[in-house]
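The block underneath contains the structure these notes are about, expressed in structure tokens.
The values are calculated or read from the model by the stated rules, or taken from the named source; none is laboratory data. These numbers were taken from a predicted model, which means no experiment stands behind them. Please note: Cβ atoms are built from the backbone with ideal geometry, for glycine as well, and neighbour counts cover all protein chains shown.
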Amino acid sequence: MSSPPSSLRIVESSEASGRLEAARAWALARADRGALIVAASRGAADEMARSVALERGGAVGLHRFSFAQLAAHLAAPVLAARGIAPATRMGSEAVAARAAFDARAEGELGYFAPVAGTPGFPRALARTLGELLLARVGSAPLAKLPLGGPDLARLLERFEEQFEEAGATDRALLFEAAAEAAASVSGRPLLFLDVPLESAVEFSLARRLIETASETLITVPFGDLSTLGHLEALGTEAEVLGPEGASDLTALRRYLFARRQPPTRERTGEVRLFSAPGEGRECVEIARRILQEARRGVRFDEIGVLLRSPGDYVGLLEDAFDRASIPGWFDRGNRRPHPAGRAFLAILSCAVERLSAVRFAEYLSLGQVPDGTGTPAADTPLPADDLVQGFARSEAAPDEPEPPESSLPAIEAEHAAVVDGALRAPWKWEKLIVDSAVIGGDAARWERRLRGLGAKYEKQIREERREDPESPRIPRLERDHRNLTHLAGFALPLIETLASWPAAATWSEWLERFGELAPRVLRRPGRVLKVLAELRPMGAIGPVSLEEARDVLAERLRMLDEAPPANRYGRVFVASPQQARGRTFKVVFVPALAERLFPQKPREDPLLLDTELREPLQAGLFLQEDRAKGERLLLRLAVGAATERVWLSYPRLDVGGARPRVPSFYLLDVMRAVTGTILNHELLQREAAAQGGARLDWPAPTEAAAAIDEVEHDLATLRELMDVRDHASVRGHAHYLLQLNDALRRSVSRRWAHASGRWRPQDGLVRVADGTRAMLARQRLNARPYSVSALQKFATCPYQFMLSAIYRLEPNAEPEPLQRLDPLTKGAIFHEVQSVFFRQLRREGALPVTNAGVDRALTVLNAALTDVARKHEEELAPAIARVWRDEIEAIARDLRVWVRKLPESTDWIPEYFEFSFGLSDDGRDDRSVPDPVSIDGRFTLRGSVDMIERSARSGELRITDHKTGRNRTTARTVIGGGSLLQPVIYGLAVERILGGAVTAGRLFYCTAQGGFADHPVPLSEANRRAGLEALEIVDRAIELGFLPPAPADRACTWCDFRPVCGPDEPEHVRRKPSASLADLTALRRMP
């Protein structure tokens, strides 16, 4: 041991306030001599300099660094002279990945061979090799060790070779270079403020700085055994500043984890404990207590929340702070998911997985599609890393701000945003990707499938117009078709770019491609570009595959560091306990003191096991005992940072795992230190639950005054009112809620109206009002044409008829699985084949089909089916050929049976096919009429008749409507209770147009599902009258403005508009007066 420097002073204390006061007084006396403040974090150094500046009137002469920043600052000229740049942690992972890949390819690995190709191996390897280099362990001693020692030796050699080839340096070499340049800051007073020294290389730099400084003060938290162990080599004994006072905080710091028994004492209230049902509720309770502390005069920036498990708590705390309007300052060390990084990773995965459509849809779902305005060129951003910033002697640029809510695209009436014209509704695009069934493979398949989806939309639009020209599905299909055009314009150039990438390239080539891609696929690419900038020193390494490049980037892109605001004052400090080094707060919150959360189970490094590998090296590497001490140090740092109060808490329920949690033994040790006794475990839990006051079944406090937001206030108020036994005494006390929230008022009023015994406006359209009279007059059956398909919906439910035929709301679209065609496309093919078949037979003079002509008819059918199927296959480009063939074969089987049944009606000669009136789309009979037809002088209709036949004997006409669904008719069915109007109404329409007598109509079920049934409907006077009466009932309902939600039996099960009404309409209808539904009841009873 060398003789201690005469100017060195070491201060050790469990109270951060004691250490900081000693440091502040020391720095204040030496500020005019250019004191150098080196802290565990740059923020802590800045705060110390600020406190000194406030007292002396200025910060001139004070130099502030974090330890890593100072090292990089000193090493910069040394490394620059050697042509070397520092690498970030991710750069080290990239080098480790390349070292592992090369070693595996050369067959150099034995022990690690089975796991060297797994995604997490490079990250673990970089961490292990970095620790070895910081401990100055070379490859030679590793090669002598058992198990993975020889493999680690070879990997370490390759690791260092790759760094040398890349002209980059790892953390160990950077600190050694800094030690060489330590003389550049010699002669200055040096303050080491709670800086952790965990490796030989770090201590070597610290020792060199101490030797060159004019005088040095080092502050060390009590329990930081690693730092104290290194400082013993300086030969200076630490001054221990014990905690003073008789408060709970003093007792806690004095006796926490003490081996001797603390004295029994009464609690004074500075250490408080509570629990909550789950981490989310725990964060809400923390927010509530922060507000309580603020009310008693504690500033937000004097409050700290120190997290042992940031990943579990940061998002929940942000949400709780937002609800309570508490400004938070979240340290950069707290990493959170960021959509830009995940979106970019999804695009890279799309390229890796052969242009996977699933990955592209994942990218689209994250809402990061650029707005089309273009991204201006920008300088390469500086990575958010202390080493890089110190090396560049510059501060990192602030992160891109999130756009204000008002600047985000608005959702228009048709649920689609227009962004700069060309990019329409990007968040709808992932649905189009799924619909188009693009699976991946190559760029040509993408183009073919998107083109096929466009053709499918066009076909569905034609089919809808054939069935119901006013169908509300048509605007949705047209909108999807337009969006598909925008999707193709955006996606296909990207797919072409990804397809052009090579299988492998150097890191510099990949980074150039990634840098060009990011602005094309991200609305705000700045944070992703920062991540890419961290790898630029690795540019010469390669070639590496795209998959390897993606895997290196994956962890950093999934979870991006978010830079906190430059000024933390006025905000609650949220960070890990390590970030509390060199800082104090009046009030500190320490959550998550439950088993498996704090402390976390110490785990050995699987690549460098303690007993077999670490201990034989004798290099001061951390062992299991050291890790356990590190966990205890985190709690010491947290409770030591408080000056007035500490709040300790834990979640008593694991909500995700649906199991209870118990307090950790750390919490038991806290209570032992404070009280001098070991509390009963169950008693401790009951006390914590009572202090928390949070219930799982009611997410609000017991008193409304303690609420953190309006929701809690209202729930607390309701709870108080509900607990009153005399309900009459509090009647109307919650009425204020209806005045404050218009949506709640409408919801409650609607529920009340539904439950009442008479029809009210909240039930739907139930009467004519001044605002609806003119609109309803325009919707009468004599004022506008209706299709028969639209009118049939009235019998199913008048409200459904109103939504679809009058309001023209689009129904909820249900995607069809890839295993079958959607009904619209299948129906379109079926009807087109029938039309082509009949027209060909008419040209040949082969109608009607007789038994002798069946063979010829089947030949014509097969030809028609082949031509139609080939045309549709070319247009639709089906995703799975086998599915397409199976569906076409199913159609063919049904059609062949249908043709064989045609000779049963040889008395009727088919004359018109797809005969329409009031329609103008293609594919109709050339004798169709363009204008709607008026029936009985009162009802204007439009539609399309599948087939009109003429009797060979009498010349009378018969209407045929081909059905491809299930047959639900009976022998007595005429209009089917208003749901099967085609035979009668089409017959009346054809009589009006052609002038001939129509004696019958029929429903011909052409598929096995319908049993190939032929259901005739004679057009007798009674049946004609039934059809006209059905139209009268519909017209009268429109005239009276009475179109309520009154569904037929089980109609809600299949209704497209169930999300509008909800599932309880049948129950509501039973409460209403039945007399008002007399017309509807009479219609449904008609055969």
query: Out of the residues in region 528-548 that are in contact with a Lys or Arg (Cβ under 8 Å, 6 or more places away or on another chain) and part of a loop (DSSP other than H, G, I, E, B), which is surrounded by the fewest Cβ atoms within 10 Å (Cβ to Cβ)?
result: Gly542
Condition met for Arg972 (more than 30 Å from Ile891 (Cβ to Cβ) and either touching a strand residue (DSSP E or B) at 6+ places or on another chain (Cβ under 6 Å) or not small (Gly, Ala, Ser) (or both)): yes
field: All positions within region 154-169 that are crowded, with 19+ Cβ neighbours inside 10 Å, of a type outside the set (Lys, Arg) and over 19 Å from Thr88 (Cβ atoms)
entry: Leu155, Leu156
- prompt: Any idea how many residues of region 733-751 are over 36 Å from the mean Cα position of the chain (by Cα) and closer than 28 Å to Val1069 by Cα?
  reply: 1
query: When only residues in region 1010-1021 that are farther than 17 Å from Arg958 by Cα and free of Cβ contacts under 8 Å to residues at least 60 places away in the same chain count, which is nearest to the chain's Cα centre (by Cα)?
result: Gly1010
field: Contacts under 6 angstrom Cβ, first residue in region 821-833 being in contact (Cβ under 8 Å) with a residue 12 or more places away in the chain, partner among the small types (Gly, Ala, Ser), 6 or more apart
entry: Val833/Ala864
Of all residues making up region 282-321, the number that are touching a residue at least 40 places away in the same chain (Cβ under 8 Å) and among the basic types (Lys, Arg): 4
message: Here's a check for you: in region 761-792, which residue that is hydroxyl-bearing (Ser, Thr, Tyr) and surrounded by 21 or more Cβ atoms within 10 Å (Cβ to Cβ) is farthest from Gly976 (Cα to Cα)?
response: Tyr786
- prompt: Can you find even one residue in region 882-899 that is assigned to a loop (DSSP other than H, G, I, E, B) and basic (Lys, Arg)?
  reply: no
- request: Go over the candidates Glu470, Glu512 one by one and state the one that is closer than 30 Å to Arg942 by Cβ and of a type outside the set (A, V, I, L, M).
  value: Glu470
field: Residue tally, condition assigned to a loop (DSSP other than H, G, I, E, B), more than 46 Å from the chain's Cα centre (by Cα) and of a type in the set (Val, Ile, Thr), over region 184-197
entry: 0
message: I'm told Leu553 meets every condition in (1) crowded, with 21+ Cβ neighbours inside 10 Å; (2) part of a loop (DSSP other than H, G, I, E, B); (3) within 27 Å of the chain's Cα centre (by Cα) except one. Can you identify the failing condition by its number?
response: (2)
field: helices (runs of 4 or more DSSP H) wholly inside region 198-310 that include at least 1 residues being at pLDDT 95 or above, under 47 Å from the mean Cα position of the chain (by Cα) and closer than 24 Å to Arg19 by Cβ
entry: 279-295
field: Extreme residue, surrounded by the fewest Cβ atoms within 10 Å (Cβ to Cβ), among residues of region 705-729 that are within 33 Å of the chain's Cα centre (by Cα) and charged (D, E, K, R)
entry: Glu710
- prompt: Which residue out of Ala320, Ala357, Ala384 is farther than 30 Å from Leu546 by Cβ and either at pLDDT below 80 or of a type in the set (A, V, I, L, M) (or both)?
  reply: Ala320
- request: Specify which of the listed residues (Ala619, Ala628, Ala638) is of a type outside the set (D, E, K, R) and either in a loop (DSSP other than H, G, I, E, B) or over 28 Å from Phe192 (Cβ atoms) (or both).
  value: Ala619
- prompt: Of all residues in region 987-1038, how many are among the β-branched types (Val, Ile, Thr), buried (at least 20 other Cβ atoms within 10 Å of the Cβ) and not in a helix (DSSP H, G or I)?
  reply: 3
query: Just checking, which of Ala183, Ala140 is touching a Ser or Thr at 6+ places or on another chain (Cβ under 8 Å), surrounded by fewer than 22 Cβ atoms within 10 Å (Cβ to Cβ) and free of Cβ contacts under 8 Å to residues at least 60 places away in the same chain?
result: Ala183
query: Given the structure, is Ala499 surrounded by fewer than 21 Cβ atoms within 10 Å (Cβ to Cβ) and at pLDDT 80 or above?
result: yes
Residue count, region 1056-1068 (criterion: surrounded by 18 or more Cβ atoms within 10 Å (Cβ to Cβ) and out of contact with any Ser or Thr (no Cβ under 8 Å at 6 or more places or on another chain)): 3
Conditions (1) touching a residue at least 60 places away in the same chain (Cβ under 8 Å); (2) assigned to a loop (DSSP other than H, G, I, E, B); (3) over 20 Å from Glu1021 (Cβ atoms); (4) over 52 Å from the mean Cα position of the chain (by Cα); number of the one not met by Arg972: (3)
query: Which one is modelled with the lowest pLDDT, of the residues in region 902-919 that are more than 19 Å from Arg992 (Cα to Cα) and of a type in the set (Ser, Thr, Tyr)?
result: Thr906
